[in-house]
Amino acid sequence: MDVSPPAPSLTPRETAVLAWADRARRTRLTVRDVAEAVGPSAAPKTASSLARKGVLDRVGRGVYVVRPLRAIAAPWSVSALAAVAALLEGQRYYVGGPAALALHRLTTQAYGSVVDVFVTGHRRSRELGGARLVYHALPPQAFDFGLTDILIEGTALSVSDPERTILDLLENPRLLGTAETFAVVGAATARVDITRLLQYALRWPNLSTCQRLGVLLERAGTRPDTLRPLAEHVRGAGVTAMLRAAPRRGPTNPVWCIVENDAGIAPGAAGVNRAATRRKRKGAA
């Protein structure tokens, strides 16, 4: 027995838009694309009508995703990652943090409620595709290395590669939590390209991040001769600490010039629980 919802009744203009998208093999449409099929004056109204009828999903101002045929007029929504790929196509951006960890299978945890998106300018966080998009502004040169594309629902998504993901997490431990970040980096050393990771670190602007990376790689058993270029890179850097906000009590690593004050921390004991933080902020508003 067929229980599929009835197909929506489409106007000739709406049918022309879908035919154009099919010929062009487009899963992402802008109002300008719609204008190619129906003309500029009718494009905004036609796009909005197709979205109301469940044929398109609006992911941003004037940006839509074409639903698969099986999902037309049915309960369905574009995934957060596919929505990001459609929304930011043609712009400088990448998805990093915990979402990138999961995409590269560097963790067994599922991170779907928050997607960290790195961009060149300021953007306000928003809900999209059932997730919270949190934007992080970076200078243009930060997009010159360590990025790759992954195909998500037919659209290319820009993502930090495994090695760049590790550096971003060490630079921004609030994305995952300090203890979780240290645990992930330690476990990932056997699964990433150490040579590439060190090459990225040698061009990383924040030396304290490189110092923490050196300690974690050393703890994971990376050979001293492999780490020597990184050790030389951070030579002369000021004394820092593994945990930024904790008292500097513990031994000082002579190679990396860093206080190892993270003894005894466990995942969940340090860093920020982002879901709890959001709930607290909403309650205080």
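Points worth noting:
- The set of residues from the stretch 241-258 being more than 20 Å from residue 176 (Cα to Cα), surrounded by fewer than 19 Cβ atoms within 10 Å (Cβ to Cβ) and in contact (Cβ under 8 Å) with a residue 12 or more places away in the chain comprises 247, 248, 249, 250, 252, 253, 255.
- Qualifying residue in the stretch 158-168 (condition: over 13 Å from residue 101 (Cα atoms) and buried (at least 18 other Cβ atoms within 10 Å of the Cβ)): yes
- Hey, residue 44 farther than 29 Å from residue 176 by Cβ and at pLDDT 90 or above or not: yes
- Hey, residue 35 surrounded by fewer than 22 Cβ atoms within 10 Å (Cβ to Cβ) and either of a type in the set (Ser, Thr, Tyr) or outside any loop (DSSP other than H, G, I, E, B) (or both) or not: yes
- Total residues in the stretch 89-117, condition free of Cβ contacts under 8 Å to residues at least 60 places away in the same chain and more than 9 Å from the chain's Cα centre (by Cα): 11
- Strands (runs of 3 or more DSSP E) lying entirely in the stretch 77-196 (those with 2 or more residues that are in contact with a His (Cβ under 8 Å, 6 or more places away or on another chain)): 114-119, 131-137
Each row is one residue, and each column tells you yes or no for (1) surrounded by 14 or more Cβ atoms within 10 Å (Cβ to Cβ); (2) under 14 Å from residue 262 (Cβ atoms); (3) modelled with pLDDT under 90; (4) in contact with a Pro (Cβ under 7 Å, 6 or more places away or on another chain).
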site: 172; (1), (2), (3), (4): yes, no, no, no
site: 175; (1), (2), (3), (4): yes, no, no, yes
site: 181; (1), (2), (3), (4): yes, yes, no, yes
site: 195; (1), (2), (3), (4): no, no, no, no
site: 198; (1), (2), (3), (4): yes, no, no, yes
site: 201; (1), (2), (3), (4): yes, no, no, no
site: 205; (1), (2), (3), (4): no, no, no, no
site: 209; (1), (2), (3), (4): yes, no, no, no
site: 212; (1), (2), (3), (4): yes, yes, no, no
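Matching residues to (1) modelled with pLDDT of 90 or more; (2) among the hydroxyl-bearing types (Ser, Thr, Tyr); (3) not assigned by TED's automatic domain parsing to the domain that holds residue 141:
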residue: 38; (1), (2), (3): yes, no, yes
residue: 63; (1), (2), (3): yes, no, yes
residue: 101; (1), (2), (3): yes, no, no
residue: 120; (1), (2), (3): yes, yes, no
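- Test: residue in the stretch 108-127 that is within 19 Å of residue 196 (Cβ to Cβ) and aliphatic (A, V, I, L, M): no
- Pair list, Cβ < 9 Å and 6+ apart or interchain, from the stretch 5-21 residues that are modelled with pLDDT under 85 to residues that are not in a helix (DSSP H, G or I) and not aliphatic (A, V, I, L, M): 5/54; 5/75; 8/53; 8/54
- Residue, surrounded by the fewest Cβ atoms within 10 Å (Cβ to Cβ), within the stretch 76-131, restricted to residues that are among the acidic types (Asp, Glu) and farther than 19 Å from residue 180 by Cα: 127
The values are calculated or read from the model by the stated rules, or taken from the named source; none is laboratory data. All of these numbers come straight from a predicted model, not from anything done at the bench. Cβ sites come from the backbone with ideal geometry, for glycine too, and all protein chains shown count toward neighbours.
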